[in-house]
Each structure stands twice: as structure tokens, then as C-alpha cells.
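Down below is the structure, laid out as C-alpha cells.
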Ligand SMILES: Cc1ncc(COP(=O)(O)O)c(C=O)c1O
């Protein structure tokens, strides 16, 4: 039977209220309703937490739920913890094992978004990173597309990306997402789907919550990890897929006006997946439709994350016994 190629993920909106299910909190699997923090919690007051966003894709044919690059996400969480001086008592593998346990206990048979969170849990006033109690939690929720995967309209934001010596983008820090929220909210209020953010040096950094790619004359281009971006796991996956497809790529700074002469443009991120941008600042990108390189990458990514391509099996952790 022909395998279904999906670029978009079926499921509820990311704006649904999260109420049900089991989560990991204070070292145990507990109902989400019992996993609460006090209003005086440090992270709630000062944004002193870090987090991850991981997807698990449901494969109906195989009746399997695949966690996408779980270990890499937890390794990045531990690096964010290091930057924020958060003591995480678990290894990346242990956190992944708890995630499998949560998803299985919730008996999910659909696409899921997983949110690990490590934060300063002390109930104190002092603004610091040292000498505080830390906590680690993981919850999950059924979720479809975060944004549509075809035909997004983007705008160059007048909110600048936070730079490494202000709030490091490399660490997925809860407080840092104010920067993303301001840019995204301004863009969507003005009728765009997404904001492209410039670094303080005026060059392209990334989108509000996804990494950013353009195609120029057949070459894929993305910004380097020194451009105040989150070191994206999907970004790395896209480069790996480009290699397999024989698409040449460059990792280099992108000038603002390159956006106006690019042939193709897309977002890459766990939430966004691979989502084509077909207009920027109300100008069409290329011919104003999803381009052929973006389409090829979307199709291969869609198969890889659902366990439909053996070459990428090592990206995936199955939730149910094989
Ligand atoms: C600011 C930002 N950049 C990039 C990404 C993409 O990273 P990843 O592919 O690891 O999800 C995200 C999260 O999805 C993000 O929030």
C-alpha cells in the first residue's frame, strides 16, 4: 500500500486549554491537575526556567507513536540548564524514558506535543541564579499544526532578536520568549502569520519561534548558530535531509534584502515543522507559491518523522512495544 506523505500534522489547535492527562512532576507521574506551583515561585516571577518542545507523531498503519529526536531535545535542555545554573538530577536518557512512560500512560494514539520544563522553584524574592531549589516537569498534549505549513505571510519585525549577552537564544529560556511573543503578536495583529527577527547587527536571525531558511539559485541558506538563534534540532535535521537529497547548502549570515530576492523561504522548527513562507513584507517570495526544494524537504521530513523511511529510524523513539 502506498504510504501517505504528510507535511502537516492532524490534531487540536495549540490554543486549546491543557487540562487532562498525566505528567511528570516532583519525580513522579501524577495527574496534570495535581501538578501546580505556588505564585511565589521564582521562575513564575522572574522567568528563570528553561524548556523544550518535542513532537511525537502517530503512525496509524504501524499503530505506533514516535517521539522525534527526543534524546537531542533533552541534551539541549541540559545545556540550557547549565546556562541557567539549574541542577537537573536526571540524564537525557532518563528524561526520555519518563516521556515514553507519560505518553503510554495517557494512551495517546494521535500527534502529541511534549513540554519539558526545568525551573527555579524556590519561593524567594532574590533575583539570582544561585542557591535556589530547582524542579523538573514534563507534560504532553495532543496537538496538530502549530502554524499552517503552506503559504505563510511573514514580516520583518521591528522587535530585535535578543542577543547572546542580553538573554541567550541558545538557551531555551522561558523569560526570553517575551521577545518572541512581542514580535509574533505584533506580526499577527498586523495580519501576518509570522515575524522574521533581525539581530542587533541588522542581519536576519530567525523567526519568532522557528529557525529560518531561504533558497537562492538552488542553494539552501540558513543562519549560523552565532546569529542569536536557538540551535534548532529541526534545522539540523533539514540540513541532513538536504544532504540526502543532494541539495547544496550554506550556513551563513543572511542580509535583510536577500529576503526580497530569495526564490523560496521556510520556517523549520518542532512546532512549525517545515512551513513555507510565500510572502514577506507583502512581497511575493519567488513566484508566490511553495517552491520545489521546500516541497521535497517537506515530503521527506513528513515521512522521516512518522517512521516511514528506514534511513531516519534513529531519529525516533517508539512509545509502544515493537
Ligand atoms: C526561537 C526558536 N527558534 C528555533 C526553534 C526551532 O527549534 P527546534 O527545531 O529544536 O524545535 C524554536 C522552537 O521550536 C524556537 O522557539
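We did not get these values from a lab; they are worked out from the coordinates using the rules stated. Just so it is clear, the structure is predicted and the values come from calculations on it, not from any experiment. Quick reminder, even Gly has a Cβ in these numbers, built from the backbone with ideal geometry, and neighbours come from all protein chains shown.
At a threshold of 8 angstrom on Cα-Cα distance, excluding pairs fewer than six apart, so keeping six or more, what relative contact order does the stretch 173-277 reach in percent? The value is 27 percent. With contacts taken as Cα pairs under 8 Å at a separation of at least 6 residues, the stretch 87-179 carries a relative contact order of 24 percent.
Counted residue by residue at 0.36 nm each, then reduced by the alpha carbon distance between them, the extension gain from residue 236 to residue 190 reaches 13.4 nm.
Per the Debye calculation on the chain with a single equal scatterer at every Cα and no solvent contribution, log₁₀ I(q)/I(0) for q = 0.12, 0.14, 0.16 Å⁻¹ amounts to -0.83, -1.13, -1.43.
When you work out D = kT/(6 pi eta Rh) for the stretch 167-236 at 4 °C and 1.567 mPa s, using the Kirkwood radius from C-alpha pairs as Rh and the Stokes-Einstein form, the result is 101 µm²/s.
Helix content alone sets the calculated 222 nm mean residue ellipticity of the chain: runs of n ≥ 4 DSSP H residues at -39500 (n - 2.57) each, divided across all residues, give -7000 deg cm²/dmol. The mean sequence distance of close C-alpha pairs (under 8 Å, at least 6 residues apart), as a share of the length of the chain, puts its relative contact order at 21 percent.
How big, in percent, is the set of alpha carbon pairs in the stretch 1-82 lying more than 23 Å apart? Of the Cα pairs, 43 percent sit more than 23 Å apart. Highest GNM mean-square fluctuation among 173, 215, 30, for the chain modelled with Cα contacts below 10 Å: 30. The order of the peptides 143-149, 90-96, 58-64 by mean Cβ neighbours within 10 Å, most packed first, is 143-149, 90-96, 58-64. Hydrodynamic estimate: the Kirkwood radius of the stretch 22-142 over Cα pairs, inserted into Stokes-Einstein at 25 °C and 0.890 mPa s, corresponds to D of 165 µm²/s. Counting only Cα atoms, the size of the stretch 152-305 along its three principal axes is 38, 30, 26 Å, in decreasing order. Each DSSP beta bridge with both residues in the stretch 152-305 is either parallel or antiparallel, and the antiparallel ones are about 70%.
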